[in-house]
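Read-outs throughout are calculated quantities, based only on the coordinates presented, and are distinct from any laboratory measurement. In this text, all values refer to a predicted model and were calculated from it rather than measured experimentally. Using ideal geometry, Cβ is built from the backbone for each residue, glycine included, and neighbour counts are taken over all protein chains shown.
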Amino acid sequence: MANGRQKKSKKKIMIFSGLGVLVIALILIAILGGSKEEIVQVQTEKVVQRTITQSVTATGTLDPEFKVTITPEVAGEIVALPVKEGEFVKKGDLLVKIKQDAYLAQVEQSEAGLKSAKASLSMNKAQLDKVTSDYNRTKELHAKNLSSDADLETAKSNYLSAQGSYQAAQAQISQTEAALKVQKDQLSKTTIYSPMDGVVSQLNVQLGDRVLGSLYNQGTNMMTVSDLKSMLAVVDVDENDVVLLAVGDTARIKIDAFGDRVFRGLVYQIGNTAVSTGTGTQEQVVNFEVKLKFLDFDPGFKPGMSCNAKIETKTLDNVISVPIQSVTARNSMEMSSQQEGEGNASSSNTKKKKESSEKLKEIVFLVNNGKAKTADVETGISDDNYIQIKSGLKVGEEVITGPYRAISRDLHDGSNIRVDNKGKLFTTNK
């Protein structure tokens with residue numbers, strides 16, 4: 001019995017000893033494995049000099065450079081509409097005729113009133129002449145003491161009254177003539193002619209419609225006559241980009257209806273007033289209207305066609321540059337924490353507060369004997385793929401260009417790296 005118990009005890013000791021050794025081995029493996037620094041696989045590119053063209057992109061539509069919106073100055077029914085949408089018209093061609101009956105009646109009424117006023121003036125002139133003669137004769141008799149003072153006063157009063165009536169008749173004629181002039185002008189405005197050579201690009205009315213005049217309100221927008229031989233691309237540019245533009249900047253314009261064809265243009269006009277959408281919301285956008293004049297014209301251009309433009313704002317030749325994705329922003333607290341490792345929870349909270357108040361620095365990672373090395377840089381303009389480096393790099397140095405996660409988070413000064421440019425995660429245009 002005793003021998004059996006001793007055998008069982010030895011067996012248990014051996015089992016527990018083996019388990020202990022296994023646990024210790026696992027702990028050592030975990031410690032050794034955890035202490036081994038990870039090697040980050042990266043892609044690289046040499047620092048070279050190249051030409052960089054900074055550009056601003058914008059979207060918009062085509063619009064004629066010269067166009068006139070036709071609105072009537074008088075109200076009434078359209079009785080003649082000899083044009084159709086898309087039809088070419090010459091300056092002076094009839095566009096619209098509005099019913100004239102009411103305006104003709106007003107002219108005739110004013111003409112009759114003028115005749116009556118002229119007849120009244122003639123009568124008052126005759127009366128004034130008679131009273132003037134009587135007054136002059138009375139004055140002569142009074143001077144010879146052949147008439148009384150009362151007779152002279154009566155004659156003078158009659159003369160002044162007749163003179164006033166004559167002047168009132170003259171004023172009535174002037175007033176009637178002015179009214180007649182207005183009525184004739186209103187009558188002439190019932191017939192509308194084209195103010196320019198162009199195409200009826202938009203027609204909003206039809207024969208028989210009643211239109212409102214623009215004398216006291218906006219008036220009816222009847223049609224638009226446009227010169228389609230001179231078109232503009234009107235695009236919206238973000239408020240942060242519009243300050244980069246200048247009149248005369250070169251533009252490359254693509255029109256959806258023309259596929260991949262690229263048209264050349266120039267910045268023709270930059271708006272001074274912002275156009276805001278979504279005001280008061282998180283989606284608020286502030287743009288400025290910019291007009292681009294085409295250097296390449298196509299007769300197929302139509303008002304309202306969608307377009308997008310790339311406006312070249314600045315070009316620098318032979319500048320040191322690297323791919324845009326090579327540049328990242330870090331601060332010294334972040335970089336030091338990456339090198340030294342994370343501390344306890346309380347110290348990390350303190351570091352985060354300091355990080356938020358510390359200015360970010362632009363850096364790139366260089367390849368240095370199998371390790372990543374940070375370099376502070378000052379950047380300039382950029383195009384779609386490359387960014388100018390004003391200081392911090394020299395031609396021929398090898399910068400890390402990817403992957404994005406490595407540059408933005410994983411890499412720090414001294415990280416072990418392995419360069420693999422055979423299977424780049426992205427490509428850049430050189």
Checklist outcome for this item: Using alpha carbon centers only, region 363-427 is separated from region 238-292 by a whole-angstrom value of 33
Next on the checklist: Can you give me the long-range amide H partners of G271? Hydrogens built in the peptide plane at 1.01 Å from N, cutoff under 5 Å, separation of 5 or more residues or another chain.
Outcome noted: E289, V290, K291
Checklist entry - Short version: ³J(HN,Hα) in whole Hz for each residue of region 87-97, in order, from phi by Karplus 6.51 cos²θ - 1.76 cosθ + 1.60 (θ = phi - 60°), x for Gly and Pro, what are they? => result 7, 7, 10, 9, 4, x, 5, 5, 9, 8, 10
Item to check | region 100-189 shape via C-alpha gyration tensor axes, a/c threshold 1.5 | outcome: prolate
Item to check | Under the Karplus curve 6.51 cos²θ - 1.76 cosθ + 1.60, θ = phi - 60°, whole-Hz ³J(HN,Hα) for region 151-168, x wherever Gly or Pro sits | outcome: 5, 5, 5, 5, 5, 5, 4, 5, 5, 5, 5, 5, 5, x, 5, 5, 5, 5
Checklist outcome for this item: Phi-derived 3J(HN,Hα) across region 60-71 with the Karplus relation (6.51, -1.76, 1.60, θ = phi - 60°), rounded Hz, x for Gly and Pro, is x, 9, 7, 8, x, 5, 10, 8, 10, 8, 8, 10
Checklist outcome for this item: Placing each pseudo-label 7 Å from Cα in the direction of the beta carbon, A171 and K314 end up separated by a distance in nanometres of 7.1
Checklist outcome for this item: Nearest-0.05 FRET efficiency for N368 and K422 at R0 = 22 Å, using Cβ-Cβ distance, is 0.55
Next on the checklist: Suppose each label sits 7 Å from its Cα in the direction of the beta carbon; what would the D185-D238 distance come out to in nanometres?
Outcome noted: 5.1
